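Working notes, structure below.
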Amino acid sequence: MPIEIDLELEPTRRVEVFDVRAEVLRRHGPVLEPYRRCLYASHHTTAGYLPQSLGARIAARPEGVESYLQLLRTIFPERAGYRHDQIELRTDVPADQRDREPINADSHLAFIAGGLHPSVSYAAQHPRPVYFVDLDGIHEGMRRQRRTTIFAYDDEEVVARTRVVVPVSGHPIDAISLKQPQLGLYDEVAELIARHGVTNGRVRLELGRDEKHAGLTLNEYETLLMQHDLAEVLRNPLGFAAEKARHAWNDPLAVPAKALAYARYDLVRALNQLVDALGLGASRVERLLARTLEVSASRFIRMRRSVDLPVSDARTPGRGALVEGTYQVPILVQWRQAEQPTREITITLTRFV
């Protein structure tokens with residue numbers, strides 16, 4: 001029968017790498033050896049796994065992992081003026097908790113752009129390390145507790161597959177939380193799990209085959225109060241857009257961070273609201289921004305077309321439910337306007353056997 005193991009990890013520095021396969025062996029012995037596959041799942045939005053192929057390539061070089069992490073930290077430097085880090089502007093953080101809120105926009109951006117996954121599947125007898133990369137392990141000198149779950153199994157069988165249609169805006173650049181109750185996607189997933197009695201398995205959300213210029217990620221979804229940026233946009237919208245585009249072209253190394261900031265956070269929402277309010281539609285402003293960001297989004301970020309969510313009955317024996325961290329949300333990101341006002345997502349439910 002498949003087994004499930006929870007591990008608590010405690011980093012000693014802000015950016016740290018754990019070999020989870022070695023940790024399981026040290027704490028539990030060779031419990032994974034009888035199985036053919038393992039699914040490793042992180043419960044965090046700034047800590048995740050290198051997929052097997054990428055991990056093998058990086059580990060094949062001396063100091064490969066450290067060099068890889070240093071590259072990410074160079075592209076996304078800590079405390080570089082990110083809007084996410086201006087805690088005093090964020091309504092999602094209560095005033096009495098702002099001094100405890102991590103300043104970690106760089107970690108979120110590096111997680112998404114750096115090829116880290118919230119869950120990965122490995123061959124269980126794979127002899128090389130299984131890297132869990134923590135990009136935000138220390139806050140105000142305090143170690144943060146990290147949790148990961150490992151599912152060991154021999155095979156998996158598809159028990160259900162269905163499609164849902166997600167409404168998208170007419171804006172070229174947008175980010176949509178797939179956890180919104182009005183979409184009904186999570187209700188559909190819960191109904192499938194209950195109907196088929198899956199207690200250990202996974203749900204895969206995947207963009208339809210014909211969907212282009214879009215991707216999926218699993219990360220924190222929030223709305224930032226962009227009072228400064230919105231005011232700047234309102235004062236001179238065309239000048240604001242031209243300035244941002246010019247900075248991107250003049251500073252190519254900054255494009256990935258700018259692309260992610262526009263695609264995932266509130267600057268794009270502020271701009272979308274402005275465009276709607278002025279009745280500009282798919283205006284020259286939006287097209288300019290979309291073209292500026294498109295190469296970065298599609299090539300540098302390499303955003304995936306699918307995300308996996310494990311299913312477990314550890315909390316309620318006999319009743320399977322999604323395994324996800326407190327802030328983990330599947331997000332659909334598009335960097336060019338969809339041909340239709342909707343995008344199609346396939347939901348596939350599998351059972352571990």
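The values are calculated or read from the model by the stated rules, or taken from the named source; none is laboratory data. None of these values were measured; they are calculated from a predicted model. As a convention, Cβ positions derive from the backbone with ideal geometry for all residues, glycine included, and neighbour counts pool all protein chains shown.
Is it the case that some residue within segment 41-53 is modelled with pLDDT of 90 or more and over 15 Å from residue 136 (Cα atoms)?
First pass over segment 41-53, keeping only residues modelled with pLDDT of 90 or more: 41-49.
Applying the additional criterion that residues be over 15 Å from residue 136 (Cα atoms) yields 41.
Checking segment 41-53: at least one residue is modelled with pLDDT of 90 or more and over 15 Å from residue 136 (Cα atoms).
For residues in segment 126-162 being in contact (Cβ under 8 Å) with a residue 24 or more places away in the chain and among the small types (Gly, Ala, Ser), which is farthest from residue 353 (Cα to Cα)?
Per the criteria, the residue is 137.
Scan segment 332-353 for residues that are touching an Asp or Glu at 6+ places or on another chain (Cβ under 9 Å) and either aromatic (Phe, Trp, Tyr) or more than 12 Å from residue 193 (Cα to Cα) (or both) and report the count. Step through it out loud before you land on a result.
Filtering segment 332-353 for residues touching an Asp or Glu at 6+ places or on another chain (Cβ under 9 Å) gives 332-339, 343-348, 350-353.
With the extra rule that they be either aromatic (Phe, Trp, Tyr) or more than 12 Å from residue 193 (Cα to Cα) (or both), the set shrinks to 332-339, 343-346, 352-353.
Qualifying residue count for the region: 14.
If you scan segment 89-99, which residues turn out to be of a type outside the set (Asp, Glu) and either loosely packed, with under 12 Cβ neighbours inside 10 Å or touching a residue at least 24 places away in the same chain (Cβ under 8 Å) (or both)? Steps first, please.
Looking only at segment 89-99, we keep the residues that are of a type outside the set (Asp, Glu), and these are 89-91, 93-95, 97-98.
Correct list: 89, 90, 91, 94, 95, 97, 98.
With respect to residue 103, determine if the residue is surrounded by 14 or more Cβ atoms within 10 Å (Cβ to Cβ), part of a helix (DSSP H, G or I) and assigned by TED's automatic domain parsing to the domain that holds residue 140. Even if it seems obvious, please write down each step before you answer.
Details: surrounded by 14 or more Cβ atoms within 10 Å (Cβ to Cβ): yes; part of a helix (DSSP H, G or I): no; assigned by TED's automatic domain parsing to the domain that holds residue 140: yes.
Judged against the criteria, residue 103 is not a match.
If I go through segment 111-125 residue by residue, how many of them are part of a helix (DSSP H, G or I) and either free of Cβ contacts under 8 Å to residues at least 40 places away in the same chain or surrounded by fewer than 23 Cβ atoms within 10 Å (Cβ to Cβ) (or both)? Spell out how you get there, then give the answer.
From segment 111-125, those part of a helix (DSSP H, G or I) are 111-113; that's our starting set.
Still in the list and also either free of Cβ contacts under 8 Å to residues at least 40 places away in the same chain or surrounded by fewer than 23 Cβ atoms within 10 Å (Cβ to Cβ) (or both): 113.
The qualifying residues number 1.
Hey, among the residues in segment 22-56 that are surrounded by 12 or more Cβ atoms within 10 Å (Cβ to Cβ) and out of contact with any strand residue (DSSP E or B) (no Cβ under 8 Å at 6 or more places or on another chain), which one's farthest from residue 217 (Cα to Cα)?
This residue is 25.
Go through segment 21-43 residue by residue and tally those that are under 18 Å from residue 146 (Cα atoms), in contact (Cβ under 8 Å) with a residue 60 or more places away in the chain and either acidic (Asp, Glu) or assigned to a loop (DSSP other than H, G, I, E, B) (or both).
Count: 1.
Considering segment 314-353 alone, what residues qualify as being within 24 Å of residue 35 (Cα to Cα) and surrounded by 14 or more Cβ atoms within 10 Å (Cβ to Cβ)? Don't jump to the end; show me each part of the working.
Filtering segment 314-353 for residues within 24 Å of residue 35 (Cα to Cα) gives 314-315, 317-324, 348-353.
Scanning segment 314-353 gives 320, 321, 322, 323, 324, 348, 349, 350, 351, 352.
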